[in-house]
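Chemist: Once you've had a glance at the structure underneath, I'll fire off some questions.
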Amino acid sequence: MSPRTALLACPLCEATCGLRVTVDGDRVTEVRGDPDDPFSQGHICPKGVAIGELHHDPDRLRRPVEKQGGTWVELSWEQALDRAADGIRALQSAHGPDSVAVYQGNPTVHNLGAMLYGGGVVRALRTKQRYSATSCDQLPHQLCAFWMFGHQLLVPLPDVDRTDLMLIFGGNPAASNGSLMTAPGIDRRLRAIRQRGGRVVLFDPRRTETARLCDAHHFVRPGTDALVLAAMLQVLFAEDRVRIGRLSGLVDGVDALADAVAACTPERAEAGSGVPADEIRTLARALADAERAVVYGRLGVSTQRHGVLCHWLIGALNLLTGHLDEPGGAMFTTPAVDPIGLKLIGRGSYGRWRSTVRGRPEVLGELPAAVMAEELGSDAVRGLLCIAGNPVLSTPDGAALERSLAGLDFMVSIDPFVTETSRHADLILPPVGPLSRPHYDVVFNLLAVRNVARWSEPLFPPGPDDWDDGRILAGLHVRLTRGMAQVDARARRKAGQARIIDLALRLGPHGKRLFGEGLSLAALKQHASGLDLGPLQPVLPERLFTDRIDLGRAEVLAELPRLLAAEPPAGLLLIGRRHLRSNNSWMHNSPSLMKGKPRCTLLVHPDDAAARGLVDGGTARVRSSVGQVQAPVQVSDAVMPGVVSLPHGFGHHRDGVGWSVAAAHAGVSINDLIPGDRLDEVGGTAVLSGVPVEVEAL
Ligand SMILES: Nc1nc2c(c(=O)[nH]1)N[C@H]1C(S)=C(S)[C@@H](COP(=O)(O)OP(=O)(O)OC[C@H]3O[C@@H](n4cnc5c(=O)[nH]c(N)nc54)[C@H](O)[C@@H]3O)O[C@H]1N2
Ligand SMILES: Nc1nc2c(c(=O)[nH]1)N[C@H]1C(S)=C(S)[C@@H](COP(=O)(O)OP(=O)(O)OC[C@H]3O[C@@H](n4cnc5c(=O)[nH]c(N)nc54)[C@H](O)[C@@H]3O)O[C@H]1N2
Ligand code: SF4
Ligand SMILES: [Mo]
């Protein structure tokens, strides 16, 4: 057979690049960016290039396996799903629905089958023990969206392609490829801001890869961004520069916000954060004066003690300078498949139940991942269903979580690999590789900086025994709810996911409805490289789920006096970092991505290194309140004095892990240092950044 070329969207990160994949027989021989994709315009990163390696990875499980006497034994899908459902139901009938926990990891949102069928399984479990990567990630964005606009998915996105001034807090798009702004080729898009005479300013405790693309970079002490943001608002109020514009009739709570930030002058913010007061003042005025400007905050300001407060203040800055829902500002999508309209996820909720040990409130239908180790270690919880997650490496106090997992009565992982987490399971249900499933980005088209749509067919059609996440989850759902043969049948029909997307496209804002012009799956398939539906459009007030936008929410603003009163932490503060050639914990098994120097190193500022006798290439012991690790030292003035940095997602040395390449680059897990007791008091997000540590030379 001669080589063929296929077009598909990369499902590996939020950028959703179009790929052009060359295939010879059943092997991928080359992957390039698709130059005809109107959104990604040929952009590709090393992970996209390696997607064939991931798909063909010999360590990827091909069939379900069960642990029998310490070894993994293959089962048929029917046997495996029966045993999974029986095990879960047995625990729940003996100990109640909450005795089985569920954790959903990050790849679920990159996976059409998991998006369409995961919710049903979670609901069928009827458990309050629900967890996901959200509470180690974007929860503050969603909680602010829920409280400000009435729906957790109404997350404002920076209109990077039209803005003239962009302030970035705690994001490193040059490494992450952009997050909560699906914007393939983000480097080019940021450069374009400067080429059209605009400015990009970065706030980060590390001078990152993104700093090179910016006009200015400011070190900010970890966890103190809210001071800088509050001070910008203080300047706007003190200098009478608030101009809401078109939405002014809708906004409440402005006086309460003004009172809350009044004490936070730029000088006070400088003392706490290290960001110069003059610069805070200048940037606040520039935001107020610019016709097109936006403040954007990401993971570094989400996974910190004041994550919700940070995102609240960012939202307020965009709104009060007239840049919310305006071109070049913070905007919303009008997605062709609208998960809000489809009610794939509810509007949001808060405090409907509490965790059993610490009494932490449910937030957006989940308990914080930071309490998972203690909840799963308590008598209340006996079992776990883990869907596309590796919480042992990605949630706080991973070592404690491992002890809890080891003590469970029953555990099922839906995962293609034997990971640090799934090695504790009784059953592993492995979905097909990324090139054997259909794809539509239900989530990331909602979060994109343009309105776009793209459908991908499976490149290697799955065989009868190759199940994707949708089929696995539907099969489990049927067994958990007993009977309902028609649901089972739907799951088996290969066109199931395509049909749902077709209907969703027709019913969506660009849709054909039942007759007439507009989008359907057939129409979308005419655009093999994806369809551009134009720049973001203003959608407020129509898309609001509240009558008014209230900036004065008491439990959020009450955090400001606490922050102002807080003592600056002594000693070194630990932050994380991402690398272009990795993806959380699970892409360290690709030989081409792992080439080059070891990456799991501790970055230390030269002054801090000298004070501790640490030398470049030497080994350091890093100790926190919950654990210690040893890592090679990399002395670098790119980190702020007083700050050290270790990447997350490493620690593959654990026994029995099925990742042979990753095990050879094991590294250590930063989450063995991160305690579970530090949470954002409002949202419950884990504090992954700014953790106090001691570092000594070995
Ligand atoms: N200290 C620290 N901790 C962090 C972070 C940090 O910056 N610092 N980042 C946090 C963030 S942002 C996130 S999103 C979380 C991620 O947390 P998790 O989602 O728990 O972890 P991942 O490492 O993404 O692991 C994903 C798992 O899914 C499996 N997988 C991959 N593709 C598929 C698929 O298509 N289907 C199924 N069923 N399984 C699949 C992989 O093999 C892997 O085991 O980590 C968080 N943890
Ligand atoms: N290559 C690669 N790409 C990825 C991933 C990956 O693991 N590897 N993960 C994907 C996922 S799941 C996500 S959620 C996104 C995340 O996307 P980003 O948020 O862009 O990713 P990070 O690189 O973690 O950027 C966070 C930045 O915050 C900084 N920071 C830490 N603490 C603070 C603080 O207190 N204040 C401020 N201002 N900054 C702080 C860190 O130094 C870091 O540069 O990336 C996605 N893309
Ligand atoms: S940037 Fe993201 S979507 Fe694009 S090729 Fe890389 S991993 Fe895939
Ligand atoms: Mo994430």
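Chemist: In terms of modelled amide H atoms, which long-range or inter-chain residues lie less than 5 Å from the amide H of V363?
Modeler: Those lying under 5 Å, H to H, from V363 are G351.
Chemist: Okay, next question. Taking all protein chains as present, what is the carbon and sulfur share of the accessible area of segment 569-697, in % to the nearest whole number, probe 1.4 Å? Mind showing how you got there, number by number?
Modeler: Details: 2520 of 4840 Å².
Looking at segment 569-697 in its full context, I get 52 percent from C and S.
Chemist: With each run of n ≥ 4 DSSP H residues scored as -39500 (n - 2.57), what mean residue ellipticity at 222 nm is computed for the chain after dividing by its residue count and rounding to the nearest 500 deg cm²/dmol?
Modeler: -8500 deg cm²/dmol
Chemist: Still on this model: Using only alpha carbon pairs under 8 Å that are at least six residues apart, calculate the relative contact order of the chain and give it in whole percent.
Modeler: After rounding, I find 19 percent.
Chemist: Moving on to the next point. If each Cα of segment 9-138 is one equal point scatterer, what is log10 of I(q)/I(0) from the Debye formula at q = 0.10 Å⁻¹?
Modeler: One equal scatterer on each Cα of segment 9-138 leads to -0.52.
Chemist: Ranked from highest to lowest mean number of other Cβ atoms within 10 Å per residue, what is the order of the peptides 60-73, 529-542, 262-275?
Modeler: Ranking, from highest mean packing down: 262-275, 529-542, 60-73.
Chemist: Right, next: Could you tell me the accessible area of W353 in Å² (1.4 Å probe, neighbours in place), rounded to the nearest ten?
Modeler: It works out to around 30 Å².
Chemist: May I ask you to order 246-258, 558-570 by the average number of other C-beta atoms within 10 Å around their residues, highest value first?
Modeler: 246-258, 558-570
Chemist: Return the carbon/sulfur percentage of the accessible area of segment 372-486, one whole number, probe 1.4 Å, all protein chains in place.
Modeler: 51
Chemist: Here is a further query. Can you list the HN-Hα couplings for segment 393-399, worked out from phi with the Karplus curve (6.51, -1.76, 1.60; θ = phi - 60°), rounded to whole Hz and with x for Gly and Pro?
Modeler: 9, 10, 10, x, 6, x, 5
Chemist: Using a 1.4 Å probe on the protein heavy atoms, what percent of the accessible area of segment 79-197 belongs to carbon and sulfur?
Modeler: Looking at segment 79-197 in its full context, I get 47 percent from C and S.
Chemist: Residue by residue, what Karplus-based ³J(HN,Hα) values in Hz, rounded to whole numbers, does segment 8-23 have, using 6.51, -1.76 and 1.60 with θ = phi - 60° and x for Gly and Pro?
Modeler: Values per residue, Gly and Pro as x: 7, 8, 6, x, 8, 8, 6, 6, 6, 5, x, 10, 10, 10, 9, 10 Hz.
Chemist: Rounded to the nearest 20 Debye, what is the dipole magnitude of segment 569-697 about its Cα centre when Lys and Arg each give +1 and Asp and Glu each give -1 at the C-beta?
Modeler: Rounded to the nearest 20 debye, it is 540 debye.
Chemist: Taking the highest mean first, how do the peptides 284-293, 589-598 order by number of other beta carbon atoms within 10 angstrom per residue?
Modeler: In decreasing order of mean packing, 284-293, 589-598 become 284-293, 589-598.
Chemist: With the other protein chains left in place, how much accessible area per residue, in square angstrom, belongs to the chain at a 1.4 angstrom probe? Walk me through the numbers before you get to the answer.
Modeler: Working: 25030 Å² over 698 residues.
For the chain, the solvent-accessible area averages 36 Å² per residue.
Chemist: With the Cα gyration tensor of the chain in hand, convert its eigenvalues to equivalent ellipsoid semi-axes via √(5λ) and list them largest first in whole Å.
Modeler: 37, 31, 26
Chemist: Rounded, prolate or oblate: pick one for segment 569-697, where a ≥ b ≥ c are the square roots of the eigenvalues of its C-alpha gyration tensor, a/c under 1.5 means rounded, and failing that, prolate if a/b is larger than b/c, else oblate.
Modeler: Oblate, because a/c is 1.5 or more while a/b does not exceed b/c.
Chemist: Could you report the accessible area of I244 in Å², rounded to 10, computed with a 1.4 Å probe on the protein chains as they sit in the structure?
Modeler: 30
Chemist: Moving on to the next point. Quick one: compute the contact order of segment 569-697, relative version, from alpha carbon pairs under 8 angstrom and 6+ residues apart, as a percent.
Modeler: Over segment 569-697, the number comes to 37 percent.
Chemist: Enumerate the calculated ³J(HN,Hα) couplings along segment 216-231 in order (Karplus 6.51 cos²θ - 1.76 cosθ + 1.60, θ = phi - 60°), each rounded to whole Hz, writing x wherever the residue is Gly or Pro.
Modeler: Result, ordered by residue: 8, 10, 10, 5, 10, 4, x, x, 10, 4, 4, 5, 5, 5, 5, 5 Hz.
Chemist: Then there is this: Specify which residue in the list L698, P541, G398 is farthest towards the positive end of the charge dipole of the chain, using unit charges on the beta carbon of Lys, Arg (+1) and Asp, Glu (-1), about the Cα centre.
Modeler: Going by the charge dipole, the pick is P541.
Chemist: Which whole-number percent gives the relative contact order of segment 301-422, counting Cα pairs below 8 Å spaced six or more residues apart?
Modeler: Values: 131 pairs, mean separation 18.7, N = 122.
The value is 15 percent.
The values are calculated or read from the model by the stated rules, or taken from the named source; none is laboratory data. As the structure is a computational prediction, the values presented were derived from the model and not from experiment. Cβ: placed from backbone, ideal geometry, glycine included. Neighbour counts: every protein chain shown. The area values use the complete protein model at the heavy-atom level, side chains included, leaving out ligands, DNA and RNA. Shrake-Rupley method; radii C 1.70, N 1.55, O 1.52, S 1.80 Å.
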